[in-house]
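A short write-up of the structure that comes next.
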Amino acid sequence: MLFELPTTGVYLTFFIFIFLAMAIRILREYQRGVVFTLGRFSGVKGPGLIILIPFIQQMVRVDLRTIVLDVPTQDVISHDNVSVHVNAVVYFRVIDPEKAIIQVEDFHTATSQLAQTTLRSVLGGHELDEMLAERERLNADIQLILDKQTDAWGIKISNVEIKHIDLDESMVRAIAKQAEAERERRAKVINAKGEVEASENILKAAEKLSQNDLGIQLRYLQTLSDISNDKTNTIVFPFSAELNKLLKGQN
């Protein structure tokens, strides 16, 4: 005979090898296995060596590490009817592998879709100035809503960050004009406050000078001394009658 038929021992060895290959699973430290026996949930196993009954038990691997979810850019209409383009990033992880597999078909896709709708819903209820100035509060609001809704899926939302809020060029120019007008308004207000304070101080100085008849005359002389340093102009300075009499009396 050219070929020899395999012996029973060879068949048995081959069968044992196939059985072990189908039965043995190794899970890493950050992995868990959701095991189903004849289609029914029978437990969560891992990490380490896992033995399954071939054709009777199936296992679904679940990663427990933090997942970084990049939320695609969303077109949002703010509360004051301004169109903006917003994208964000969501950090979440699975804390209950059983719920993550049984309660939702694909927890990664479900979380992504929920994050997109929540981002549009929350930002749409705020004005543009709030989006730009109160980003931390908006992040906290979005995280709270997502964490509450994904709790039934065994998922924990650890952080939400709004990355970019992009505006059209026309809106950027309008905001620049608004900021310029605001700066001009503040400058006028500060100038007006300065005038009020100056007038109050002048009034106090006048009251002080009015307490003595010679006070205003001395102020005249001081002012004349201050402007006499400029020799390029001819200055006509009025003298009151009392000051003239005073100067003559001193002579």
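The values are calculated or read from the model by the stated rules, or taken from the named source; none is laboratory data. Model, not experiment: these values are computed from the prediction. Positions of Cβ are generated from backbone atoms using ideal geometry, with glycine treated the same way; all protein chains shown enter the neighbour counts. Note: accessible area is taken over every heavy atom of the protein model, side chains too, but ligands, DNA and RNA are not part of it. Shrake-Rupley method; radii C 1.70, N 1.55, O 1.52, S 1.80 Å.
A search for C-beta distances below 7 Å between a residue of segment 72-84 that is closer than 15 Å to VAL122 by Cβ and any residue that is open to solvent by less than 80 Å² (accessible area, probe 1.4 Å) and of a type in the set (S, T, N, Q), counting only pairs 6+ apart in sequence or on different chains, returns GLN74/ASN87; GLN74/GLN116; ASP75/SER83; ILE77/SER83; VAL84/SER78. Of the residues THR111, THR118, THR66, the single one that is within 17 Å of the chain's Cα centre (by Cα) and not small (Gly, Ala, Ser) is THR118.
Annotation note: Cβ proximity below 6 Å between a residue of segment 136-165 that is under 14 Å from SER112 (Cβ atoms) and a residue that is assigned to a helix (DSSP H, G or I) and basic (Lys, Arg) (sequence gap 6+ or interchain) occurs for TRP153/LYS99.
The residues of segment 136-174 that are surrounded by 14 or more Cβ atoms within 10 Å (Cβ to Cβ) and over 27 Å from ALA100 (Cα atoms), listed by number, are ILE165, LEU167, MET171.
Let me confirm something: among VAL94, VAL89, which residue is open to solvent by less than 30 Å² (accessible area, probe 1.4 Å), under 17 Å from ILE155 (Cα atoms) and over 21 Å from the mean Cα position of the chain (by Cα)? Working first, answer last.
Working: VAL89 fails: over 21 Å from the mean Cα position of the chain (by Cα).
Testing whether each residue is open to solvent by less than 30 Å² (accessible area, probe 1.4 Å), under 17 Å from ILE155 (Cα atoms) and over 21 Å from the mean Cα position of the chain (by Cα) leaves just VAL94.
For segment 36-75, a residue qualifies if it is aromatic (Phe, Trp, Tyr) and surrounded by 14 or more Cβ atoms within 10 Å (Cβ to Cβ), and exactly one does: PHE36.
Kindly evaluate ARG25 against the criterion of being under 25 Å from SER121 (Cα atoms) and surrounded by 14 or more Cβ atoms within 10 Å (Cβ to Cβ). I'd like the intermediate steps shown before the answer.
Details: under 25 Å from SER121 (Cα atoms): no; surrounded by 14 or more Cβ atoms within 10 Å (Cβ to Cβ): yes.
No, not satisfied.
Looking only at segment 84-98, decide whether some residue is more than 20 Å from LEU144 (Cβ to Cβ) and either in contact with a Phe, Trp or Tyr (Cβ under 9 Å, 6 or more places away or on another chain) or basic (Lys, Arg) (or both). Among the residues of segment 84-98, at least one is more than 20 Å from LEU144 (Cβ to Cβ) and either in contact with a Phe, Trp or Tyr (Cβ under 9 Å, 6 or more places away or on another chain) or basic (Lys, Arg) (or both), which makes the answer yes. Is it true that MET131 is open to solvent by less than 10 Å² (accessible area, probe 1.4 Å), in contact (Cβ under 8 Å) with a residue 12 or more places away in the chain and of a type outside the set (Asp, Glu)? It is true that MET131 is open to solvent by less than 10 Å² (accessible area, probe 1.4 Å), in contact (Cβ under 8 Å) with a residue 12 or more places away in the chain and of a type outside the set (Asp, Glu). Would you be able to say whether some residue in segment 187-204 is surrounded by 10 or more Cβ atoms within 10 Å (Cβ to Cβ), at pLDDT below 65 and either part of a helix (DSSP H, G or I) or of a type in the set (Gly, Ala, Ser) (or both)? Taking every residue of segment 187-204 in turn, none turns out to be surrounded by 10 or more Cβ atoms within 10 Å (Cβ to Cβ), at pLDDT below 65 and either part of a helix (DSSP H, G or I) or of a type in the set (Gly, Ala, Ser) (or both).
Pick out, from segment 1-85, the strands (runs of 3 or more DSSP E) lying fully within it that include 2 or more residues that are closer than 30 Å to ILE175 by Cα. Write out each step before concluding.
Numbers: elements: 24-27, 31-37, 40-45, 48-51, 57-63, 67-77.
Once the strands (runs of 3 or more DSSP E) in segment 1-85 are filtered for at least 2 residues that are closer than 30 Å to ILE175 by Cα, what remains is 67-77.
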